[in-house]
Structures are given as structure tokens and as C-alpha cells.
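The values are calculated or read from the model by the stated rules, or taken from the named source; none is laboratory data. All values derive from a computational prediction rather than experimental measurement. All Cβ positions, glycine included, derive from the backbone under ideal geometry; neighbour counts span all protein chains shown. Note: accessible area is taken over every heavy atom of the protein model, side chains too, but ligands, DNA and RNA are not part of it. Shrake-Rupley method; radii C 1.70, N 1.55, O 1.52, S 1.80 Å.
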Amino acid sequence: LLVTAALLPPPAAAQLEMAPYAGAALYHNSNIFDFSGRDEALANNGTTTLADTVWRARAGLDLTYALSNQQLSASIEGRRFGYERFTQLDRDEYLWSAALDWHVGSAYAGRVDVRQERRLAGFADRNTTALTLERERAAGATLAYRPGASWRYDLGVRTRNLLTPLPLFPKFALDERIASAGVRYLGTGPATFGIVAEYLDGEFDGTPSNDAFDQTTLELAADYAVSGLSQLRGRLGYTRRDESIPGRDDVSAVTGSLGMRRTLSGVTALDFEAFRRVSSFTAGPQSLIEMGVRIGIDWRPSVFIISAGVQHAESEFQLPSAAQQRTDRTQTAYARLGYGPTPWLQLQPYYEYRNRDSNLCDERYSGSIVGLELTARFGMTDEPLIPEL
């Protein structure tokens, strides 16, 4: 940060923007604890009640300081939740982040960022109805070097710590350290392509064995854009995860992603995403092979923004051969209507549905959320951007 500051141009071009905001929401959740049914609710809560009405208040501030080709941004948000029936879940949450996007000359660009969030840990995979707050910290840095018009070289590092207490392990945490490198051919046409390598070193802390793992991914990457109407992004490669957990096999899988955004008209856009990846289960020391597909559409006529989408995902848990195997299939759908009668005020009714099927009966659940949110936001209508390599 000091080196970058020393390279900044004179302060005459500096620009500071501030955007304070506040919002309130009221929503009804038909299955607060993601129970498989009323029998599980009775066994865990002493009541067959599944639903509750929740209010949420939040306030925050976004800051952007632009100086020539450099941009420093920061944000902070506080949240308060209150429950009509399950008042033991009343809580405070927060989120803060900061990032520096820098650009030196025509050859170097990069980003340094930090983030921390305190939030409710999900109930879907926890055998408890007690209030559990998890804390996530993340930090990273990237560097892009473009010596000419045709090639770009990328380096990146990232660290993540997720402290997510479990009933038997109150200090359970996931630590991950990631290093990546890539090279991309840019050329002069609408397509770019390259290769990306990533190494991840991780461990599950707070358990008697403190299980560790390392993961290597090598993927081919390609992007394609035509006149701003169509954007296509794809990755295809291979991931290997070496486990230190006794009795558990290493994981090897073909991985990748495919994303597309298509502008159908001046007010309508379609998004599509498909993925397959190896990841870490955050409610126990386990690894997953996840795959899924998502489709969404946005329609923005006048002061309205209408968004809708569906997603299907499948998770295969990589467990010891002696354990009962587990496969989850999750379907989600959403619809949102954003109405902005003024540039600073937005009213948003929304609906979300989620359903998880599993070969284990206790891991199944379904539920829906219907709500209404009102948000007031001032300033920073056009976020300044720095040039990209």
C-alpha cells in the first residue's frame, strides 16, 4: 500500500464519494430451522411450529476514493434481527470490507482487499436450534502484468478463516490459504483464452484430529464477448484433493464452470451458469463434489426491476467407505420486484423457495420466504471504475 501510494499522481484529481443507506424488511419464513417435518420440530423444539415472522433493520456506509487510476473503497454495515416467536434467535450482525484497486502505467494492475462478517450459521446441517453466530475473515491480493497487447500474466494469493461453532466442537473452524497463477492470450478479437493453476492448503481446526488437506486445480479458461450483447465465460480442468483424514480416500474430479450473459433487449438480460467443483463442507470436516446449474432473467422497464431465477445443485459428500454415503439435491427459485419511485428510495417485495432432497431422510427439508424490504440510499449513483488490463 505504501509503494502504491508513492506512485500516485498529484491529489488534484482525487474524488471522494459517500453513500449512506438504511433499510427495513419484514418477511415470513415457513421453515425457520430447515426441519424435515413436524416430527423433527417436535423432537428438537418441543413444538410442531415451523414458521415465524422476522423483521430486519440494517444501516451502512459505502466510501469510494478515486485518484487518477487508483481507487480505494470501503463499506460497513450493521444489522439487527427480531423474531416474533423464536425470540432466542434475536441477534446483531455486521459486515465490513476494504479494497484498493490500483493501476500503474499500461502494464501493471492489481487489487488488495480485506473482509470480515459476523452472521447466523445455517440450521440445515446442524443438529441444534440454538443461536449460533459464525465469523468469516478473508484477505487477498492480485497482480496482473500485461507487457504488450497480446498477453497478460496473473498472480494471486488469498486467505480465509471461517469460525463456525458446532454443538460438540465450539471452536470448529476452517482455514484456507490459496495461491494462483495464470497466463492469458488476449489478442485483438472477441475471444481470449489461457490457463490457470491454483493451490489450496487447508485444515479443519477445533476437532481432536485437526484434519488437514491440500488441493490442486489446473484449468483452461476462455472468454468470448460480442458487441456487449453476449458474454461467455468458461473453465474446464481437473482438481485433486489429498486428505490427511484416516480412512478417507483422496478426491479427484473433472471441474469447471460455464457462464453466459445475453442481452435480449435494451431492458432484458438473461444469465446462465453451470459449475462442478471440489469444496469444503462448513458444518463438519468433510469435502464435497458440487455441481449445479442456474438460470436468471432481469427485466428493467422504467423505474421497475423484475428479477427471477431457478437453480438446481447436487452435493456428493466424500465420506469414509465405512460410513453411510450422502448425496443432496437442492432446488431453489426466486422472484423479486424492485420499484424505485425516486433515485434514493427502493421498495422490493420478494419470494424465495428452496427444497433439498437427500438419500438421508433427516437431511431433507423445504420452505419458502415471502417478504417486503424498503431501502433508502444516498449518493454514489455512478461508481467510478479504473481501467482494466
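Tabulated data for the structure shown
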item	result
Prolate/oblate/rounded label for the range 248-290 (Cα gyration tensor, a/c 1.5)	oblate
Neighbour count of at most 16 Cβ within 10 Å plus DSSP loop: longest GluC sites (Glu not before Pro)-free window in the chain	85-387
Mean Cα-pair separation over length for the chain, i.e. relative contact order, pairs under 8 Å, 6 or more apart, %	13 percent
Tensor-based shape of the range 240-389 (alpha-carbon gyration tensor, a/c under 1.5 rounded, otherwise prolate or oblate)	prolate
Average accessible area per residue (Å²) across the chain - probe 1.4 Å, nucleic acids and ligands excluded	53 Å²
For the range 33-86 and the range 140-168, distance of Cα centres in Å	27 Å
Karplus-derived 3J(HN,Hα), 6.51/-1.76/1.60, for each residue of the range 115-124, Hz, glycine and proline x	7, 9, 9, 10, 8, 6, 7, x, 8, 4
Cα gyration tensor of the range 167-261 - equivalent ellipsoid semi-axes, whole Å, descending	36, 14, 11
Exposure rule at most 15 other beta-carbon atoms within 10 Å, DSSP loop trypsin sites (Lys or Arg not before Pro): the chain longest free segment	172-389
Rounded, prolate or oblate (a/c below 1.5 giving rounded, otherwise prolate when a/b exceeds b/c) for the range 1-141 by Cα gyration tensor	prolate
Whole-percent carbon and sulfur share, accessible surface of the chain, 1.4 Å	59 percent
Scaled radius of gyration (Cα, divided by 2.2 N^0.38 Å) that the chain gives	1.08
